[in-house]
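K.L.:
Quick one: structure below, then a few questions.
The values are calculated or read from the model by the stated rules, or taken from the named source; none is laboratory data. All values reported here derive from a predicted model rather than from experimental measurement. Note that each Cβ is placed from the backbone with ideal geometry, even for glycine, and that neighbours are counted across all protein chains shown. Just the protein is used for accessible areas: all its heavy atoms, side chains included, with ligands, DNA and RNA removed. Shrake-Rupley method; radii C 1.70, N 1.55, O 1.52, S 1.80 Å.
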Amino acid sequence: MQHQQQHRAQSRQSTINGEIVIVQSHKQPGSGKSASLRLYSCAEVDPKTGKGKMSTETNLKCGKTKTSNGEKTRTYHVKFYVESSFGIPGAFVIRNQGKHRFFLQSASFETHSNQIIQFDCYSWVYPSQKTKKFDRIFFSNTKYLPNQTPQGLMKLRNKELISLRGDGSGERKEWDRIYDYDYYNDLGNPDKGPEHERPVLGGSELHPYPRRGRTGRPPSNADPLTESRPCTTNLDIYVPLDERFSPKKQSEFTSNSIQAALRFLIHEVKSVMQKDSNHFESFDEIHDMFSDNQNQVIEGSLEEKLKAMIPNELFKDITHAIKTPLKFPVPQMIAENEFAWKDDEEFGRQMLAGINPARIRSLEVFPPQSKNGVVSSIEPSHIEHNLEGMTLAQAMNNWRIFILDHHDYLIPFLTKINTKDVCTYASRTLLFLKSDATLKPIAIELSFPGFARGQEISWVFTPARQGEAAALWHYAKAHVAVNDTVYHQLVSHWLHTHAVVEPFIIATRRQLSGMHPIHWLLDPHFKDTMHVNALARSMLINSGGILEKTLFSAELSMELSAELYKEWRFDEQALPTDLLKRGMAIEDPDPDNPTGVQLLFQDYPYGSDGLEIWSAIQAWVTDFCMLFYTDDESVRSDEEIQAWWSEIRNVGHGDKSSETWWYHMTSREDLIKALTTLIWIASALHASVNFGQYAYAGYPLNRPTLCRRCIPEEGTFEYAEFLKDPDKYYLNMLPKRVEMTLGIALAEAVSRHTSDEVYLGQRPSSLWINNEEVSHKFEKFNQELRNIEKRIKEKNTNPELYNRRGRAEIPYMLLYPDTSNVESRGGITGKGIPNSISI
């Protein structure tokens, strides 16, 4: 009788087969009941729970291992029994009943009608005994606006968002999946002493700043406003599960960091053994740090000294790296022409095609003037002889004079900065756009604050080819390069990409369900960013971190960054708007031009390639939004989008909540503008300022991080020293040996792509969304990026576009999408636009 009832019950059931893919590690779910799954129906509601009806439970067992692109995965085949009316699965829950976490990559299920439902997971699943929860839920790649949510998923949708927001209390544990905001109150470590005290950034008019992810660590003992540092290791900082590196990324990141650190340590050990001075004493000595030799090894006394300097555990971890080259790879800056960095035109070209190409602007008024009314000391006589026969008025009227301005924001900080064994000026550099579209520097003004309020002491330097004047001009360019390097690191790179994007990530996770189409659109552009930022707060921007050790701004670095956040506007991060603001483009009335702007001159590699990438992103975002939003009212009535935008403005960037430039988010146009700008920042803008760092900053003479000495003045002891040996004076002006070597190691580490990178125009899975129209639009986007690649290659071979290569012969590839050769990427390539800020 029991068998007959069971048979009748099974006859009313159907089966759903599936595959679960887990990234292989040394600890995996085994056979038995270490991990189990159940499916939720989209349409069929269980009247007892109000959620979708569930399938039978199945366990992961007998998985098959596969290796692809150096990564091992294990695939489990599963079968579920469901009622015949179950329909399509819209979610599944997985319960880890084992002892170890595992990384769930993807899942797919085939219904009785042969329809495949894909789930891209890419997250860690912790044991239920740790999380005190029985399951982890994942939603399918079919996306719904809130008012279109299937009945069986509505309660799950709301419950998941509530869970992700948490209650704002308690210290976060590694297995938590909770998103909340906090100030940058974790940069200092006052318990180590007063020298490690740092102000809280964010929440004040003096130090406004974007918010970061909350960790909930208790306050420090010395200062209740400063969060305590981790007790174990500086890398032990909470990041929500979905934001943590994958096993492969973690392994490569660690390996790359160890390799860069190893080279730094080796140079330091050799320096100690050889009893070298604190400064490099010749250009040859600097060049000797770089080599293509792949056959060097650590051995003998060098190995013993290295063992004595680092813990045994770490030395064991780096034994595999010891067979790598001991010297740094040769940076592109000196690979083809080792003296290109000295050239004036190369100096100007890097403002258009280097790693900080969005600071230069057209000069609107001569002479330049500060916001407080202080007029520059650059006079017409300084520059008129370098304008190709034009008068100053003619050059200004024809938009031929440009300025690299590192003056106003630095002046208030210089008195403090210059008490720290450095010499830093505020600088203004004027450049002339020659007939061949190259930029020629024609004057550099270096300034100190004066003795009285509102006064300044300034010096003006002009180009010279020989003698003392040529050496002083060279020194002046070095001081400008120092200013530009620090601005690049703290503002163009860290603030304008890493820091400003994090609040968008937190708001997206808290307010947009994983079922929301905009969540799906943005998700690849957030990969690894919060984890990278957490590591930066631990090692780079914290008190005593690498940036404080290498930049002239030292412990004032993040205060300087906060000061420049006061000028930040989200709407001006849109590339066309930015170019118009800086006078690098004019409005274009042509309705067929999707960007609405035209560059002042085409040989501006960042602007030219950037506008093409911007246009492609904008078209893709427009196509995507038009599929889901039928009109403006559908945007206004989307409660999740409205909550998302409100939280970004009022909480994530709360110090700017009263600004009037925020989009109102009442139309499809507002949504498209905001999403295009956000994706541009996270992908192309970050790629343009990050992945060329080793090419340009890997050679420290090209982009020094600080100057130890001021430019000598006639009649002083320093001037006599300068006359005696200009090269020696210059080398002693540059960072010390340890600072320079550490800077090179950092540039190498952050310039490397990891092999798991997903690039613009790509998604991590072939069955990545259950929507044919979206797939078609995405393929259109991908094709346009491939067309852009062809055009970039053509531009790089055009001899009339000199700025695309320059004297250094570095082709401009920082905005080259690199959509091909997915399986073989990684390392320092100087090209490729990752979807996200992932390093």
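K.L.:
Roll a 1.4 angstrom probe over the protein heavy atoms and tell me the percent of accessible area of the chain that is carbon or sulfur.
P.N.:
49
K.L.:
Let me ask something else. Residue 151 to residue 780: extension gain in nm, 0.36 nm per residue of separation minus the Cα-Cα distance?
P.N.:
Full-extension gain reported as 223.1 nm.
K.L.:
For region 415-488, what number of Lys pairs, 8 or more residues apart or on separate chains, have alpha-carbon atoms under 27 Å from each other?
P.N.:
Numbers: 416/477; 420/477; 434/477; 440/477.
Lysine pairs satisfying the spacing and distance rule in region 415-488 number 4.
K.L.:
Report the accessible area of residue 494, computed with a 1.4 Å probe over the heavy atoms of all protein chains in place, in Å² rounded to the nearest 10.
P.N.:
Counting only protein heavy atoms, the figure is 10 Å².
K.L.:
Still on this structure, I have one more. With each pseudo-label sitting 7 Å past Cα toward Cβ, what's the residue 250-residue 115 distance in nm, one decimal?
P.N.:
So the two model labels end up 3.7 nm from each other.
K.L.:
Which of 53/777; 48/79; 155/656; 673/780 have a Cα-Cα distance over 27 Å?
P.N.:
53/777; 155/656
K.L.:
Same structure, new question: Just reorder 94, 88 by solvent-accessible area, largest first, 1.4 Å probe, all chains present.
P.N.:
Ranked list, largest accessible area first: 88, 94.
K.L.:
Using only Cα atoms and rounding to the nearest 10 degrees, what angle (0 to 90) does helix 2-11 make with the longest principal axis of the chain?
P.N.:
It works out to around 50 degrees.
K.L.:
Can you list the residues of region 367-402 with backbone N under 20 Å from a point 7 Å past the Cα of residue 586, pointing along Cα to Cβ?
P.N.:
390-402
K.L.:
Would you compute, from DSSP H runs of 4+ residues alone, the mean residue ellipticity of the chain at 222 nm, taking -39500 (n - 2.57) per run and dividing by the full residue count, rounded to the nearest 500?
P.N.:
When only DSSP H runs of four or more count, the value is -10500 deg cm²/dmol.
K.L.:
While we're on this one: At 1.4 Å probe size, put 186, 632 in order of accessible surface, largest to smallest.
P.N.:
Solvent-accessible surface, decreasing: 632, 186.
K.L.:
Quick check: Cα centre of region 375-427 to Cα centre of region 588-666, how many Å?
P.N.:
34
K.L.:
Rolling a 1.4 angstrom probe over the protein chains, ignoring ligands and nucleic acids, what is the accessible area of residue 525 in square angstrom, nearest 10?
P.N.:
Surface accessible to solvent at residue 525 totals approximately 10 Å².
K.L.:
Can you compute the FRET efficiency between residue 77 and residue 162 using 1/(1 + (r/R0)^6), with r the Cβ-Cβ distance and R0 = 35 Å? Round to the nearest 0.05.
P.N.:
Efficiency, from the Cβ-Cβ distance: 0.55.
K.L.:
I'm spelling it out carefully: the read-out is mean projected area of the Cα convex hull in nm², the candidates are (i) 45.7; (ii) 38.3; (iii) 95.3, and one was derived from this structure. Which label?
P.N.:
This structure yields the entry labelled (ii).
K.L.:
What are the ³J(HN,Hα) values, in whole Hz, obtained from phi via the Karplus relation 6.51 cos²θ - 1.76 cosθ + 1.60 with θ = phi - 60°, for each residue of region 90-97 in sequence order, with x given for Gly and Pro?
P.N.:
Here the 3J(HN,Hα) series is x, 7, 9, 10, 10, 10, 9, 9 Hz.
K.L.:
Rolling a 1.4 angstrom probe over the protein heavy atoms, how many square angstrom per residue are accessible across the chain?
P.N.:
Averaged over the residues of the chain, the accessible area is 42 Å².
K.L.:
For residue 54, what accessible area in Å² do you get when you roll a 1.4 Å probe over the heavy atoms of the protein chains, rounding to the nearest 10?
P.N.:
Residue 54 has an accessible surface of roughly 70 Å² with all protein chains in place.
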